[in-house]
Amino acid sequence: MTNSVDEIIANASFDKTFITGYPYPYFVEEVRLSLSTMQTLEGCPRKFEFSKLYQNPKHEDSLATAFGTALHIGFQEYLTSGDYNRAVYRMMLAYPWEYGESAMKDRSAEGALALLDEMIKQFPSERYELAFINDSEGNPVPCTEVPFRIKFREWPCLWQRELGNELDGKPKQIAISYVGYMDLVLHDKVEDKYIV
């Protein structure tokens, strides 16, 4: 039984120059890393290679992920509108009903509502307020789920050989960036600072 792609290719008797030209050519211009992809790389480098470098992603939703997303949507609605009923409504629309979980489990709809209630009660609104930024047309938008991308210029980077397609005899560089979302950006009214 073979354990790696390297062994599979070697056992299939491919051209030796292809095998010895490791790393194999990846057809990507940029690799976007995130907290979850870094955890994948640490836990299973081969899974990372297939999903990011060979671009064969297998997105696996889970109840925990969908539960957290619904909770974020509800809490962000509350911070944006200040309307509790709207927050509950938005959370319940986003809740993963398709999982059909029992009300006895900690990730039930009742559990989500209880957690949203607690988050709203515990939020120190006398000190913090939701920050706003202007969109490209100058309209203020709430700082919820703010995407970010950090592009590394020199380091770290990946190198790959594209067979017969090297630039001046040098391997091609694959750009690396780090992407993610800031759940909330808040303004601290006491310190007059912003926190993520």
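The values are calculated or read from the model by the stated rules, or taken from the named source; none is laboratory data. It should be emphasised that the depicted structure is a prediction, and the values quoted were computed from it without experimental measurement. For neighbour counting, all protein chains shown are included, and Cβ atoms are generated from backbone atoms with ideal geometry for every residue, glycine included. Accessible surface is based on the protein model in full, side chains and every heavy atom, while ligands, DNA and RNA are left aside. Shrake-Rupley method; radii C 1.70, N 1.55, O 1.52, S 1.80 Å.
Scanning region 108-151 for residues that are within 20 Å of residue 93 (Cβ to Cβ) and either touching a residue at least 60 places away in the same chain (Cβ under 8 Å) or exposed (fewer than 10 other Cβ atoms within 10 Å of the Cβ) (or both) yields 142, 144, 145. I'd like the residue in region 34-58 that is open to solvent by less than 60 Å² (accessible area, probe 1.4 Å) and at pLDDT 80 or above and, out of all such residues, is farthest from the chain's Cα centre (by Cα). By that ranking, first place goes to 44.
Across region 90-106, the number of residues qualifying as open to solvent by 70 Å² or more (accessible area, probe 1.4 Å) and either among the polar types (S, T, N, Q) or modelled with pLDDT under 65 (or both) comes to 3.
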